[in-house]
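The values are calculated or read from the model by the stated rules, or taken from the named source; none is laboratory data. Since this is a predicted model, take the numbers as computed values, not measurements. Cβ atoms come from the backbone with ideal geometry, glycine included; neighbour counts cover every protein chain shown. All accessible areas refer to the heavy atoms of the entire protein, side chains included, with ligands and DNA or RNA removed. Shrake-Rupley method; radii C 1.70, N 1.55, O 1.52, S 1.80 Å.
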Amino acid sequence: MSAQSLARPGHGGNLTWAASIAGCSPSEILDFSASINPWGPPQSALEAIQTHLGDLRAYPDPQYRVLRNALSQIHSPLEADWILPGNGAAELLTLAGWDLAQQETTYLLTPAFGDYRRSLSAFRARVIEWPLSEQQGQWSFPALGLDKRGGLLLNNPHNPTGRLFEQEMIEPYLEQFDLVVVDEAFMDFLRPQQQQSLVARVPKYKNLVVLRSLTKFYSIPGLRLGYAIAHPDRLHRWQQWRDPWPVNVLAAAVGTAVLQDHAFQQHTWDWLSHARSQLVNGLTPLPGLRPYPGAANFLLVYSRQPVPELQMALLKRDRILIRDCLSFGELGQHYFRVAIRTEAENQRLLDAMTNILPSL
């Protein structure tokens, strides 16, 4: 398939497109465009798949009791009926989009992950963009407006800027808006004492929905597994709208297993703190680049050079894929996002950037 026949992707991880540009097989691409833990899937996940292969001949438990109980232990004292597993956070985001579309208006914190607009437009939600502001190299939360009601959709840590919002910064919005959906897909990448999750606030606020992903931290995007935390009445309603068995038996088994894999969790936290510093310190002195500080496993970088040119050069010369930010309309062609990978892979990216930038 030629590069000309493939449209530029609006999401990271499209290795078929990248390989068509680089003239190689997809397996040869070093992918910095998808923010997936480079150390996974953990052995616990692979062992769970092997152990539960025999379960493929039976339907999943439609209540997912084992997985929900495992998740409730992680989020104790929440009971299992406050938790709903899904076919990735994307499926649950679609259900949240239906709920948000029932509001008179929904405020969307921007720049925003493209799938938010998909879920909202699917149900013809009336969307008002609510942009972050950049001040002195930091992205700031919008000021609270007393006239704002309806729905609010945001993520924390924020994608693509990497900004972590403190709980106290978001909680006033829970008092004001009729429905608040907070996507915490990258929260697991912070050590527990550093997290600013709103999960503990859910019992207090019936209008709060928290979405979580297991695919990024545990590197299992092909299995598709996420979960929502919200009032049981809302989750029961969502359950009636969707397919009876959205999570397959292998994904449910893997989710139950990896939640107990404390060694993998600790290894990820230890790696990320060093690898993030390596990448920030390596990108900062390169001509025309300005990385933003971030709390997740990716970095947003400003580039004086138009990113599509840089992206093409990295693919053709080094078979390295970075995520352009063209799909984030507020950012455009002078920003890119890179996942944080192993230290050796990070160095490969830094070396390639060092060689390419002067020639562009």
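Mean separation of Cα pairs under 8 Å and 6 or more residues apart, divided by the residue count, gives segment 43-261 a relative contact order of 29 percent. Each Lys and Arg contributes +1 and each Asp and Glu -1, all at the Cβ; summed about the Cα centre of the chain, the dipole is approximately 480 debye. Per-residue ellipticity at 222 nm from helix content only, as computed over the chain with -39500 (n - 2.57) for each DSSP H run of at least four residues, stands at -11000 deg cm²/dmol. When both segment 15-92 and segment 159-195 are represented by their alpha-carbon centers, they are found 22 Å apart.
Would you mind putting 203-213, 81-91 in packing order, based on average other-beta-carbon counts within 10 Å, highest first? Write out the running numbers ahead of the final one.
Details: 203-213: 20.3, 81-91: 21.9.
Final packing ranking: 81-91, 203-213.
The angle between the Cα long axis of helix 65-74 and the main principal axis of the chain comes to about 70°, on a 0 to 90 degree scale. At 1.4 Å probe size, with the rest of the protein present, what percent of the exposed accessible area of the chain is carbon and sulfur atoms? Carbon and sulfur atoms account for 51 percent of the accessible area of the chain.
Which value, in Å to one decimal place, does the Kirkwood hydrodynamic radius take for segment 43-261 when every pair of different Cα atoms is included? Walk me through the numbers on the way to the answer.
Values: mean 1/r = 0.0560 Å⁻¹.
For segment 43-261, inverting the mean 1/r across all distinct Cα pairs yields 17.9 Å.
The residues of segment 43-261 expose on average 43 square angstrom of accessible surface per residue, using a 1.4 Å probe on protein heavy atoms. Compared with the dominant principal axis of the Cα atoms in the chain, helix 167-176 is inclined by about 50°.
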